[in-house]
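The values are calculated or read from the model by the stated rules, or taken from the named source; none is laboratory data. Please read these numbers as outputs of a predicted model, since none were measured by experiment. All Cβ positions, even for glycine, are placed from backbone atoms using ideal geometry, and neighbour counts span all protein chains on display. The protein model used for the area step is the full one, side chains on, heavy atoms only, and it has no ligands, DNA or RNA in it. Shrake-Rupley method; radii C 1.70, N 1.55, O 1.52, S 1.80 Å.
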Amino acid sequence: MRVSALQEHYDVVVIGGGLVGASFACALQAQAPDGRLRILVTEAVESLQASPSFDARSTALSYGSRKIYEQLGLWQSLAPFATPINRIHVSDRGRFGAVRIDHASMGVEALGYVVENQYLGVVLTAALDKAPGIDFLSPATIAGLTPFSEGMRLQVQHPSGDITEITASLVVLADGGKSTLCEQLGVSFSVNHYDQKAIISNIAFENSHANVAYERFTESGPLAVLPLATLHGEQRGALIWTVSESEADEIMALPESAFVQKLQKRFGHRLGVIHKVGSRAAYPLSLSVAREQARPGLVLLGNVAHTLHPVAGQGLNLALRDAQELAVLLGETRKKGLSLGSMTVLQRYVDTQRRDQDATISFSHYMTQLFSSTNPALVWARKFGLFSIDLIPAFKKTFTRQAMGLAERSIRRA
Ligand SMILES: Cc1cc2nc3c(=O)[nH]c(=O)nc-3n(C[C@H](O)[C@H](O)[C@H](O)COP(=O)(O)OP(=O)(O)OC[C@H]3O[C@@H](n4cnc5c(N)ncnc54)[C@H](O)[C@@H]3O)c2cc1C
């Protein structure tokens, strides 16, 4: 529920109402539908479009993420905006070898779903607006965080410049990959710059995408076209085109016709002629992992905890599994009457999620290394890798389960 006045104390304050903060708040509220937990979400920007989470991008939600949103009662609202991925086609430009993965062979309705971020924003923000147990304050920035014996003190800065001081037993920091609060708190990161940017845009083309997601590896980086719902009779896809930083600037500056020409050459004609490109945006890419995810009274979630290369479409999917695990654990902790911000509880969360996080981060990182390189040994490994993934069923199943967010024990609570 939107609020303008704050309580003095909350059980949990979520900083950042982006994709991860909003999803987590809904997951936590589902653990305490009777209002046993007092939750506050603070979001810095007022309009959905201004949030980095809900911009012009699209997100490939894994089958595992669908299950999580189903448990939260949100899938019903997301489903009309979700385009199923029935097949994934992974290929290497100019080289032999492709992996084809089909939903029927995995025994699922779809391998994943593509949703435009703006629709995720509409559904998640509506959920925050409606949820009786959640106070949602937007716009407001958390300007300062200080630990004390029973949790955290927060300085909430309103657009007028006024500051309200409140306390929380636990702060869930979900303020994204450029966290100024982490800087203040001295939380450090291990960062690996890929020297690449992802250019994103919605594109329209001649042929039906037939619910196939294309992932194509080119000498300058991976290029994906994810299926989107038709609009005004046009076949559409979400483009995520990874190129070197210098090439990205050149490509971004191209007029539309030259952009389309270059894209067509890189991607080929699997979808026929590409005839329209929407507005473009470029994202610098790095792997950034927080060196500590929890302190007494504080836990990091989403991009602030781990920002991944988008090549394997795993960032949000992993964060949703973290969010669900943390919410369930906090629900159990509250039932036992224990302190939500205790390090014993938060360390249990970190330890539980470690395997999934390590596996997912490695999967994304090595896919990026393998599929962005022109090094002859890696080109050979890639060629052999694609060939073997397609031919060896056990390999293919492992690869697909990781991509679908079903590897490890990701939805054990489903
Ligand atoms: C090109 C691209 C494609 C991607 N595709 C996929 C995909 O297909 N599948 C997938 O799983 N993942 C994908 N991802 C990753 C996914 O987008 C991220 O995991 C996700 O956006 C992380 O959300 P977040 O809420 O942690 O951070 P953010 O989106 O950065 O949101 C943080 C929020 O916190 C707010 N905020 C910041 N500071 C404060 C403050 N001090 N006080 C209050 N509020 C604050 C911000 O306004 C913002 O709304 C992709 C990423 C990129 C770059």
Residue-by-residue Karplus 3J(HN,Hα) for the stretch 222-232, coefficients 6.51, -1.76, 1.60, Hz, glycine and proline x: x, 9, 10, 10, 9, x, 10, 5, 5, 10, 6
Gain on full stretching of the segment that runs from Arg100 to Glu292 - 0.36 nm per residue minus C-alpha separation: 65.3 nm
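Taking a cut-off of 35 Å, what percent of all Cα-Cα pairs in the chain are separated by more than that?
Above the 35 Å cut-off, the chain has 27 percent of its Cα pairs.
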Neighbourhood charge, 13 Å Cβ-Cβ cut-off, centred on Arg57 and excluding it, Lys, Arg +1 and Asp, Glu -1: -1
Highest to lowest packing among 338-345, 172-179, scored as the average C-beta count within 10 Å: 172-179, 338-345
Out-of-range pairs (alpha-carbon distance over 31 Å; input Lys130/Lys178; Lys67/Lys336; Lys178/Lys336; Lys130/Lys335; Lys67/Lys178): Lys178/Lys336
Signed unit charges on C-beta, dipole axis of the chain, positive-most listed residue Gly337, Ala60, Asn207: Asn207
Placed amide H near His9: partners under 5 Å, 5+ positions off or other chain: Thr167
Under 5 Å, built H, 5+ apart or other chain: amide partners of Val41: Val14, Asp135, Phe136, Leu137
Among Ser91, Leu326, Ser105 the positive-end extreme of the charge dipole of the chain (Cβ point charges): Ser105
From phi via Karplus (6.51, -1.76, 1.60), per-residue ³J(HN,Hα) for the stretch 246-258 in Hz, x at Gly/Pro: 5, 5, 4, 5, 5, 5, 5, 7, 5, x, 3, 5, 5
Rounded to 5, percent antiparallel among DSSP beta bridges of the stretch 1-130: 75 percent
The chain: calculated mean residue ellipticity at 222 nm from DSSP helix runs of at least 4, using -39500 (n - 2.57): -11000 deg cm²/dmol
Accessible area per residue in Å² at 1.4 Å probe, computed on the chain: 42 Å²
Mean Cβ count within 10 Å, highest first, over the residues of peptides 273-280, 284-291, 37-44: 37-44, 284-291, 273-280
Carbon/sulfur fraction of accessible area - the chain, other protein chains in place, 1.4 Å, %: 53 percent
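Quick check for me: using +1 on Lys/Arg Cβ and -1 on Asp/Glu Cβ, what's the dipole size of the chain about its Cα centre, in debye to the nearest 20? Working shown, then result.
Working: 39 positive and 37 negative charges, 273 e Å.
In total the dipole reaches around 1300 debye.
Would you kindly work out the equivalent ellipsoid of the stretch 112-259 from its C-alpha gyration tensor and give its semi-axes, the square roots of five times the eigenvalues, largest first in whole Å? Kindly include the intermediate steps, with their values, before the conclusion.
Values: eigenvalues 313, 101, 41 Å².
Value: 40, 22, 14 Å, ordered largest first.
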Most fluctuating residue given options Gly133, Gly268, Gly337, as computed from a GNM of the chain linking Cα atoms under 10 Å: Gly337
Highest-first arrangement of 310-318, 63-71, where packing means the average Cβ count within 10 Å: 310-318, 63-71
Relative contact order (%) - the stretch 171-283, alpha-carbon pairs under 8 angstrom, separation at least six: 34 percent
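What length, rounded to one decimal in nm, is gained on full extension from Asp34 through to Glu165, with 0.36 nm per residue of separation minus their alpha-carbon distance?
Details: separation 131, 0.36 × 131 = 47.16 nm, distance 2.65 nm.
Difference between extended and current length: 44.5 nm.
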Normalised contact order of the stretch 1-120, rounded percent, pairs of Cα under 8 Å and 6 or more residues apart: 26 percent
